[in-house]
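The block underneath contains the structure these notes are about, expressed in structure tokens.
The values are calculated or read from the model by the stated rules, or taken from the named source; none is laboratory data. Treat the numbers as computed from the prediction; the structure is a model and nothing was measured. Neighbour counts are summed over all protein chains in view; Cβ atoms, including those assigned to glycine, are modelled from backbone coordinates with ideal geometry.
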Amino acid sequence: MFGLTEGGSSVLVRVHHFYHYFYLPVTDGIQPEALAEAINRRLWNDKTVPRDRTVVTNVEITTKRSIMYFIPGDPEVKFYKITLLNPRHTKDVARILQRGGLSVKKPNDVTAKLPELPTFESTLDYLLRFMIEVGLVGCSWLTLPAGKYTITEHKKSLLQVEIDVHANDIIAHNPEGKWLRTAPLRRLSFDIECAGRKGIFPEPEHDKVIQIANYVWDHGHKKPIAQVVFTLKSCAAIVGADVVSYENEEELLSAWARFVRLTDPDILTGYNIVNFDLPYLLDRAAQLKVADFPLLGRMIGQPTTMRKTRMSSSAFGTHESHAFSMHGRVIFDMLQLITREYKLRSYSLNSVSAEFLGQQKEDVHYSIIGDLQRGDEQTRRRLAVYCLKDALLPVRLMDKLMSLTNYMEMARVTGIPLGWLVSRGHMIKVVSLLHRKSHLVDLLIPDIKRSGPEGGGGDGPQFEGATVIKPEKGYYKDPIATLDFASLYPSIIMAHNLCYSTLVRPVHLAHMKPEDLSKSPSGASFVKRSVKKGILTKILEELLAARKQAKKDLKAAKDPFLQSVLNGRQLALKISANAVYGFTGASVGKLPCMDISASTTAYGRQMIDNTRLEVEKRYKGATVIYGDTDSVMIKFGNGKSLEECMRLGEEAAEAISSIFPKPVKLEFEKCYYPYLLISKKRYAGLLWTNTEKYDKMDCKGIEAVRRDNCRLVANVISSVLEFLLKKRDLQQAISMVKKVISDLLQNKIDVSLLVVSKSLTKTDYENKQAHVVLAEKLRKRDPGTAPAIGDRVPYVITKGRKNEPAYSRAEDPLYVLERNIPIDNNYYLENMLRKPLERIFEPVMKSSVNSLFVGEHTRTISVVTPKKGGMAKYTKVRLKCLGCKAPINEGALCAYCVPKEAEHYTKNLNTMVKLEKAYSSLWTECQRCMGDICHDVLCSNGDCPIFYRRRKAQIDLNAASEKVSRFGLDW
Amino acid sequence: MHSLEPTPPNGNGQESHPTVRVVSEIDLSPAKRFILPKKKKYEPQYAHVYFSRLKSLTAHVLKSAKLTFGEGEEGKLQYSKRIADIASKDEMETVVVGVIFRHMKSKPSILAQYDVPSHELIPAPPDRATCTYPRDDDEVFIEDEYGRCALDLSQLDSAVATLSLVTGFVLALKGHEDRRTGSFKVNAISYAGQAPQKSLPELPGDKFICITSALSFGKADGDVLAAELLMEFLRGSAGEDPEGSTCANIVQLIVAGNSVPQLEDTESGPSAVLAAHRPLKSGEKERVAAPIVEVDRFLSVIASSLPVAVMPGEADPVNYLLPQQPFHRCLLPSSSRNENLARVPNPFECSVDKRVILGTSGQPVTDFALYEDQSSVMKDGKEAGKLRPSGEKVLDILTLMLQNRHLAPTCPDTLASFPFSDGSDPFVLESTPHVFFAGNQREYASRLVRTPHVQTQASSGSSMDIDGVQGGEKTVRIVSVPRFDETGQVVLVNLRTLDCIVREFALTM
């Protein structure tokens, strides 16, 4: 066990005399000793272990029950408890027994062949077994009583103290009261830079690692302990940071590994380190044969290894990833964490920090990195500053999002080690909870043969989730009250005592008293709570009670750090409670039980339906306009005030709760007023929890967050919602849309709003896709700066030739800006704007939606003449009068417009003044963001909202200034 | 077209003068450095501005720092060539030279505009600040081309720190690096000191220049008669001045910006969503055009009897980025024909009888004042939301600008400026003027700044000035020129004595 004392000293505790075990149902007549001997012999014969080694050290008979099924009378069952010397052989031993055919001597010397037998709890991790037995949960404190341990002189690890102790002497503490505090875990956040060749994303076989920036920062401390950057070749000093430079790369890598061992962090963090930085470093070190590099773990002489994994989880999806064995350190990749927990437009470090830290970040394109490296110590310093920032941001994100605190609390609540939370799915949490609880009441959990992919779980066929009451689409100007079932699934499980251990098999139904049973709407039968309380019910009750307590403590807590811990705890408890239902439903999980999950959702559906009936029965004129998984939306009638609806909602929640079994509870939380219901899972409304002021505008399933849309769509949609919901002004919303459409057709929309960006994953796409075709085009144009695999390719759709498919008309936005290439406005109107707008306006305007897209405002269309290419080659640009566009030879105006010179001048000047303001605010902003005022901005962060705009401002201002100067300057 | 050559001493005064006017030798050519090239490039980035500012000022700052702090001494005091180098030295007293940058979250920011709910698809650039910038989480840096360093100002008087350490000043700071925080603990500041000043030849008699600003012709609640009175005074038909400065002795009028009132931006607010992009209505056209006609008439009349230099200001129809270029001829068609009228840039510099006069239409001072906390600037009742410093504060700021040899330090960060790239920052003061003014201020204030002759410590015997050009003391009249539309006041500076008088034309009955 790796740990810290409260003072921050690192301790390795070596636990002795704890042996792994599992269970097997007793076969009559077979003695435990004979079974042990038979297994050991079989292992020797199979050459799994050498003959001098005993694997099974002990077999004894115990009395337990299986968690599966309620059997009339609830009889106890006898099991062999098979104890093994080395947990590594558990799988082999279990397999021998599962396959059957093991020859065992009976006491009467007759050799019997064992049939195929189900094993119990052999798949439980040794570590978890140990923690359960000792009563230890993740990230918690333990005491080793004085005199019960010995301190080792000959250390095998890098930790400050190494201790040997007997498993029975460990005293674990529940993380409560004075044990609520957390240890000051040391975090090392790092980022590497590689010198790529032109146009190719860096590959460890060829490209050097040139810089590694590091922040060492103890959790809960205000300032970092160290900021260090390792550079290849000299680098000018950076204030506040230590710069260490090396002439060759091998030394650099070796020095960094030494640095990791020296600072000895508990947690290694960064952004995308699992799939980029760490694999790159390990591969590169292998390439260069830096022998001591992989020694990154805390055990002396044990190198870090890496393997590719595919992790699939119903909650997180399937990902290709890497797994590392790095003893004693938890790899906490902020990218993985954020993709798991937040749904964002983009997961680049830029947009994530913009989202959570409220700051844009300078982005240096990797094609420039090589140039900076080849420059002098100043350009390398530039790079190092940038690299340091990339190492800092993950820690800042971790603190801002409370990630570590929340994960530590999750580890405590579910009782699993911190590292598992990062590397495994949701499933393991419930496994731990289930085993812990079962262990206490002598229930055993059967091993299920798994047929799915490796990993923490799988995505089984999700049941027909709770049916939704069909939405009555429309725009509701009356308040809509929303009743929610609080923790719906957990409370159903508790209310109906659904559990593995209460499920009755059909064969046994006849032997049961009907009053002891309840039958779920999906047809499964469970015994009532009065007969036997389910394990799941117990787990959930405890979780929810603990959550209540945590919330109470949170209110009373004064210290902000403690508050964050408690808040993390209550969140963890909530998430864990909700994970239970999913666990029973995951078909490739550890213990799926469709009867439980199907019953849960069936009860859920029934409850939503009953609620609807009840509401419409109790309240005249009330209709349920929509019902989702765990909530119903009620319109109490025309002309009801917000206040009245809130009162009625409150009353209804109370009244209807009483028709359901405890602890199911219907709660009134909010009103939507007004409410725009578009379709299933798509709606928007102003959310009110008091009658004074609305809390926020709540949008579900509406285009604003979709990643593959351009900003224009998101902005227009949010403006429309703003008008419809906040201003309740349909006419203004319509005119706003019309104006946008008219602007779009007249090329007045800023290009930055039209940029779409997609990630380039594989070049051999079967279907031609815009960004893939463009990437190819860019490679031909300049292989040095073309996007490589893994890059996001931003593009706009241009007019192109007649009948040219859209995918080949994608173009680099900067290229479009500089050459004034016409944009395909119609494409944006028809393929981007139209559908989302129709969806939003349909409930409001019904059939007249189409009027948005035809009419007066679509008549004026302006056409841009490109500066280069196409027909432009053959035309000669002639000056035009700035007043009437008549061709002229020089100056600004034709003879007829000269009398109005002042007017035309002012008009042109005003345009220029606006652009000047924009220009100056855009470029000073970038200069500020860069954190350096004496060097040019190099940033290529296409995710930043002003990235294209600042270039456009430059181009437009130059053009406007040229126009103004045509009026003649007389100084 | 007006010539930049010095006006011949006999002038172009027209025969119809009511009084015989004293004439002066007026040289407008120093203003040329504020004139932008014909072909303007808005390509280079703002970094060049800071870079060239550092290049022109570092040597001066270092020189004066050595006078203040003494030469470097082994083990005691060192001069760091680069800011980045302080990181590698022990905690020894160190002097660094660099440009100041104050990182303040309250500065107007276009990115912040993206978070403000709005009906515009793309947020407009932010307006001039309506609050001062300082907040508790501000950070101050000193930077040179090799790097920047955070400053720890705990050892400085906070008032001195906020007023002196303003973005864009090039300063020398003495202190040492705090290894724990990585910041530089400052214990003393040294300025470049005033630039050399041309000597002031004797003048036989009193001569005045008149400076006014914010005539705001066409302002809704404007006092039309006040401008008429001013006009008559300047033409000499208002009779003898009680204080003895006859209008006949006024040799030059400087109009320091804002001859027209600020146009309300018609394209903001929710209704503007629909109004944008349509052509100006006929009424709006007149609103734009009318005030300029009145300005033209006013200037024509004055110019017929007196040389006039008209500078643009924030509200005037010229470009927005500093330096603002002169009014276009077509906007002042009739007065432009008179050679007595000079359309000049903002900032503006000229010399009248060898007196160097330099000033701005006030933007650099107004913006500078926002770097101090709320208590030192006042909300202006008349122009809601605008913050303007008191007269005394304006003088303090002007003094600092002279000491730091820069007349618009906050350009380009919070004050929009042209992206200069030819290696020169025209706002750097190569020489110290005799009269230094800022127009469009809330109140009149004036001070005579005398800088005594400084003996160098190193060579105490020498009578050389630190700049090695002119010995002797420097004398500058600094003036906060009030808005005429609010105060009815104009300022008269006596070129012989550098004394200053204020005249009021408010029609108070």
Of the conditions (1) surrounded by fewer than 19 Cβ atoms within 10 Å (Cβ to Cβ); (2) at pLDDT 85 or above; (3) at the interface with chain A (Cβ under 9 Å from one of its Cβ atoms), B:Phe51 fails just one. Which one is it? (1)
Would you pick out the residues in segment B:122-151 that are surrounded by fewer than 18 Cβ atoms within 10 Å (Cβ to Cβ), within 12 Å of chain A (Cβ to nearest Cβ) and at pLDDT 80 or above? B:Glu139, B:Ala150
How many residues does segment B:298-334 contain that are among the hydrophobic types (A, V, I, L, M, F, W, C), surrounded by 23 or more Cβ atoms within 10 Å (Cβ to Cβ), part of a loop (DSSP other than H, G, I, E, B) and in contact (Cβ under 8 Å) with a residue 40 or more places away in the chain? 3
Would you be able to tell me the number of residues in segment A:414-473 that are within 24 Å of A:Gly138 (Cα to Cα), of a type in the set (S, T, N, Q) and modelled with pLDDT under 85? 1
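Listed here are the residues, each with its yes/no results for (1) more than 21 Å from A:Gly604 (Cα to Cα); (2) surrounded by fewer than 16 Cβ atoms within 10 Å (Cβ to Cβ); (3) of a type outside the set (Ser, Thr, Tyr).
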position	(1), (2), (3)
A:Ala622	yes, no, yes
A:Val632	no, no, yes
A:Gly639	yes, yes, yes
A:Gly649	no, no, yes
A:Ala655	no, yes, yes
A:Lys665	no, no, yes
A:Tyr675	yes, no, no
A:Ile678	yes, no, yes
Among the residues of segment B:153-184, count how many are within 13 Å of chain A (Cβ to nearest Cβ), surrounded by 18 or more Cβ atoms within 10 Å (Cβ to Cβ) and without any contact (Cβ under 8 Å) to a residue 60 or more places away in the chain. 1
Among B:Val308, B:Val344, B:Val295, the single one that is closer than 30 Å to B:Glu392 by Cα and away from chain A (no Cβ under 11 Å) is B:Val308
From the list A:Lys178, A:Lys155, A:Lys223, which one is part of a helix (DSSP H, G or I) and surrounded by fewer than 16 Cβ atoms within 10 Å (Cβ to Cβ)? A:Lys178
Considering only residues that are crowded, with 18+ Cβ neighbours inside 10 Å and either at pLDDT 85 or above or among the small types (Gly, Ala, Ser) (or both), which ones fall in segment A:353-378? A:Ser353, A:Ala354, A:Ser367, A:Gly370, A:Gln373
Has segment A:67-82 got any residue that is part of a strand (DSSP E or B), at pLDDT below 90 and touching a helix residue (DSSP H, G or I) at 6+ places or on another chain (Cβ under 7 Å)? no
Considering each residue of segment B:32-48, count those that are of a type in the set (A, V, I, L, M) and facing another protein chain (nearest Cβ under 7 Å), and give that number. 2
Let me spell it out: the conditions are (1) more than 12 Å from chain B (Cβ to nearest Cβ); (2) assigned to a loop (DSSP other than H, G, I, E, B); (3) within 31 Å of the chain's Cα centre (by Cα), and A:Val216 meets all of them except one. Which number is the exception? (2)
Could you say whether any residue in segment A:595-606 is touching a residue at least 12 places away in the same chain (Cβ under 8 Å), in contact with a strand residue (DSSP E or B) (Cβ under 8 Å, 6 or more places away or on another chain), more than 19 Å from A:Val664 (Cβ to Cβ) and outside any loop (DSSP other than H, G, I, E, B)? yes
In segment A:783-794, is there at least one residue being in a helix (DSSP H, G or I), over 21 Å from A:Ser719 (Cβ atoms) and within 31 Å of the chain's Cα centre (by Cα)? no
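Answer with yes or no whether A:Arg99 is surrounded by fewer than 17 Cβ atoms within 10 Å (Cβ to Cβ) and not small (Gly, Ala, Ser). Steps first, answer last, please.
Details: surrounded by fewer than 17 Cβ atoms within 10 Å (Cβ to Cβ): yes; not small (Gly, Ala, Ser): yes.
Criteria met by A:Arg99.
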Can you name the residue in segment B:467-487 that is surrounded by fewer than 21 Cβ atoms within 10 Å (Cβ to Cβ) and either part of a loop (DSSP other than H, G, I, E, B) or of a type in the set (A, V, I, L, M) (or both) and is also modelled with the highest pLDDT among such residues? B:Glu473
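For residues that are of a type in the set (A, V, I, L, M) and within 13 Å of A:Ser501 (Cβ to Cβ), scanning just segment A:45-76, find the one that is surrounded by the most Cβ atoms within 10 Å (Cβ to Cβ).
By that ranking, first place goes to A:Ile67.
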If only one of A:Ile200, A:Ile225 is modelled with pLDDT under 90, closer than 24 Å to A:Ser403 by Cα and assigned by the TED database to the domain that holds A:Arg340, which one is it? A:Ile225
Could you tell me whether B:Leu200 is away from every other protein chain (no Cβ under 14 Å) and either modelled with pLDDT under 85 or buried (at least 18 other Cβ atoms within 10 Å of the Cβ) (or both)? yes
Return the residue satisfying two criteria in turn: it lies in segment A:892-922 and is part of a loop (DSSP other than H, G, I, E, B) and within 12 Å of chain B (Cβ to nearest Cβ), and of such residues it is nearest to the chain's Cα centre (by Cα). A:Ala892
Among the residues of segment A:503-559, which ones are touching a residue at least 24 places away in the same chain (Cβ under 8 Å), part of a loop (DSSP other than H, G, I, E, B) and aliphatic (A, V, I, L, M)? A:Met512, A:Ala524, A:Val531
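Those residues that are part of a helix (DSSP H, G or I), closer than 21 Å to A:Arg197 by Cα and touching a residue at least 24 places away in the same chain (Cβ under 8 Å), I need them from segment A:352-373; list them, please.
A:Tyr366, A:Ser367, A:Ile368, A:Ile369, A:Gly370, A:Gln373, listed by residue number.
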Is it the case, given these coordinates, that A:Arg424 is surrounded by fewer than 20 Cβ atoms within 10 Å (Cβ to Cβ), among the basic types (Lys, Arg) and closer than 25 Å to A:Gly297 by Cα? yes
